[in-house]
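Following: one structure in C-alpha cells, then a few remarks.
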Amino acid sequence: MAKSPAPRAGAAPQTDTAAPQPLVELAAPALSKAELRATVRAKLQQWFATKTGDTETQERLTEELLALLNDGNTAEVVRELSANEFNTPFATRALERWLALDASSAARWIGARPDAREEHAVLVARRLLDDPVALRAHCDQLPSGAWKESVLNYASLEMASKDPVRAIAVAQSMIPGDSRSSALETIAYDWFGRDLSAAAGWAKSVEDPVLRERLLAVGAKAIAIADPDLAAGWLVTAVKSENLRNETALGVVETWADQHPAEAAKWVARFSDAGPRKAAIDLVLNHWLKSDPASANAWLLSLPERDAVLARLKAEREPAADVQ
C-alpha cells in the first residue's frame, strides 16, 4: 500500500473521522484521607487473613499498599498504623520511604516507639549515614538505652568498609561493653583485610589492653584469609594473652587447613602440648582427610601422639557405622 503524502507546509493537518482517543490515561481521582485510611486498613486485614505460606498474595497486597503512598501522605499513613499493623513488611517499607523524605522527623518518631525493632535501627542508620552532622545530632538527642546503642552499632558497621576511621569514632560513642567491643572487632576485621598497615597502627594505639589484644587477634583471623602463614607469625608476636592466642590460633588453623592443609599441618606440628595442639590436629585432619587422605594419613602417622589420634578417629566413626 502506498504511503500517504506528507502534508504541505501551512496546510491544515488531516483528521480521522473516528472519535479522537485520549493521548494519556486520566489519573484516578485522589482518595480522601478517610478513604485512604479505610483502604489501607482493608488491605492490611486481607494481608493478615492470608494463609500462611501464601507469599505471592502477601507480596501483591504489600505492593498495592505501597502504591497508595505519595510524598504527601506517607508520614501520616505510617503514624496511623496500629501496633499490629506496624509489624508488617508494608510498614517497614513505608517507614523507609518516610525516612527518605524527612529523615529527621521519621527517625525521631520511630526512636520514640517502644516497639521499634532492629530492622528499624538499620533503616535509620543507613539514611543518616550520608550526613554525619545529622547522625551525630540525632544520636546526641536520644536517651541512653538499647535503641540508641542499636543505631550507633548499625551506623558504625554500615560505614566500616567505606570509612573505617569514622566508623570507629561512631562505635566508640557506644556504652563500653560487649556490643561496643563487638562493633570495633567487626570494623577491625574488615580493615585488617583491606589495609593491614593502617589497621594495625590503629589497633596498637588502643589504650585498653584487653580490647587491644582482642583487636590484634581479630586482625590475625582477617590476615589468614589471604595469607595464613603471615597470620600465624602475626599472632605469635602480636597477641600476648595465652588463652586468646590459643583461641585465635584455632581460627587461623581452620582457615589455613581449608586452603593449604599441608602447610597448616607443619605449623600445628610445632604446637606444644600445653597449647591447642589436640584441637588443632583434629581441625587439620578434618579438612585434609577429605581432600587428600593419603597425605593426611602419612602426616598423622608421623605424630608422636598418633595412637591417641587414631583412637579418637575410630571412636568418631564407630557411632556413625552403628547408625547405618
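What follows draws every value from the coordinates through simple rules; no lab data is involved. Here the structure is a predicted model, which means the values were calculated and not measured. Here the Cβ positions follow ideal geometry from the backbone for every residue, glycine too, while neighbour counts run over all protein chains shown.
Please give every one of the aspartates and glutamates within straight-line cross-link reach of LYS290, meaning a C-alpha to C-alpha distance under 20 Å, and leave out same-chain neighbours fewer than 8 residues apart.
GLU254, ASP258, GLU263, ASP282, GLU316, GLU318
Calculate one ³J(HN,Hα) per residue across region 288-303 by plugging θ = phi - 60° into the Karplus curve 6.51 cos²θ - 1.76 cosθ + 1.60, and present them in order as whole Hz with x for glycine and proline.
Computed from phi, the couplings for region 288-303 are 6, 5, 7, 8, 8, x, 4, 5, 5, 5, 4, 5, 4, 5, 7, 7 Hz.
Normalised by the residues of region 196-306, what does the relative contact order come to in percent, with Cα pairs under 8 Å and at least six apart? Write out the running numbers ahead of the final one.
Working: 104 pairs, mean separation 19.9, N = 111.
Averaging sequence separation for qualifying contacts and normalising by length gives 18 percent for region 196-306.
Karplus couplings for region 246-259 from phi (6.51 cos²θ - 1.76 cosθ + 1.60, θ = phi - 60°), rounded to Hz, Gly and Pro as x?
Whole-Hz 3J(HN,Hα) from phi for region 246-259: 5, 4, 5, 4, 5, x, 5, 4, 5, 5, 5, 5, 5, 9.
Remind me, relative contact order of the chain in percent, using alpha carbon pairs under 8 angstrom and six or more residues apart?
Values: 274 pairs, mean separation 20.6, N = 324.
It rounds to 6 percent for the chain.
Mind listing the phi-derived Karplus ³J(HN,Hα) values for region 70-86, rounded to whole Hz, using 6.51, -1.76 and 1.60 with θ = phi - 60°, and x for any glycine or proline?
Result, ordered by residue: 9, 4, x, 10, 4, 4, 5, 4, 4, 5, 8, 5, 6, 4, 5, 5, 5 Hz.
What pairs in LYS240/LYS266; LYS33/LYS162; LYS43/LYS162; LYS33/LYS148 have C-alpha atoms more than 31 Å from each other? It would help to have the intermediate numbers written out before the result.
Values: LYS240/LYS266 22 Å; LYS33/LYS162 43 Å; LYS43/LYS162 40 Å; LYS33/LYS148 34 Å.
Beyond 31 Å between Cα atoms: LYS33/LYS162; LYS43/LYS162; LYS33/LYS148.
For the chain, set up a Gaussian network in which alpha carbons nearer than 10 Å are linked by springs, and say which option among ALA100, ALA134, ALA42 fluctuates the most.
ALA42
Taking the chain as a Gaussian network, Cα atoms linked when under 10 Å apart, which of ARG60, ARG79, ARG126 shows the biggest mean-square fluctuation?
Checking each option, the largest mean-square fluctuation is seen for ARG60.
Go through SER302, ALA257, SER173 and say which Cα lies farthest out towards the positive end of the charge dipole of the chain; charges sit on Cβ, +1 for Lys and Arg, -1 for Asp and Glu.
The listed residue farthest towards the positive side: SER173.
With the chain treated as a Gaussian network of Cα nodes joined by springs under 10 Å, which of VAL309, VAL268, VAL78 yields the largest mean-square fluctuation?
Of the options given, VAL309 has the highest mean-square fluctuation.
Suppose every Lys and Arg Cβ carries +1 and every Asp and Glu Cβ carries -1, with no other charges. What dipole size does region 200-324 come out with about its Cα centre, to the nearest 20 debye? Before the final figure, lay out the partial values.
Details: 15 positive and 18 negative charges, 38 e Å.
Dipole of region 200-324, to the nearest 20 debye: 180 debye.
Report, to the nearest 10°, how far helix 132-141 tilts away from the longest principal axis of the Cα atoms in the chain, using its own Cα long axis and a range of 0 to 90°.
80
What number comes out for the charge environment of LYS278, summing +1 per Lys or Arg and -1 per Asp or Glu over other residues with Cβ under 15 Å away? Present the calculation step by step, with values, prior to reporting the outcome.
Details: positive: ARG270, ARG277, ARG306, ARG312; negative: GLU247, GLU254, ASP273, ASP282, GLU305, ASP307, GLU316.
Once positives and negatives cancel, what remains is -3.
Please determine, in degrees from 0 to 90 and to the nearest 10, the orientation of helix 118-128 with respect to the longest principal axis defined by the Cα atoms of the chain, where the helix direction is its Cα long axis.
70
When the convex hull of the Cα atoms of region 216-284 is projected onto a plane and the area is averaged over all directions, what value comes out in nm²? Can you show the working numbers first?
Details: hull surface 15.1 nm².
About 3.8 nm², averaged over all directions.
Grab every C-alpha pair in the chain, bin the distances at 20 angstrom width from 0 up to the longest one, and report whole percents.
Taking every Cα pair in the chain, the percentages come to 23, 32, 30, 11, 4, 0.
Can you tell me the 0 to 90 degree angle between the C-alpha axis of helix 178-194 and the longest principal axis of the chain, rounded to 10?
90
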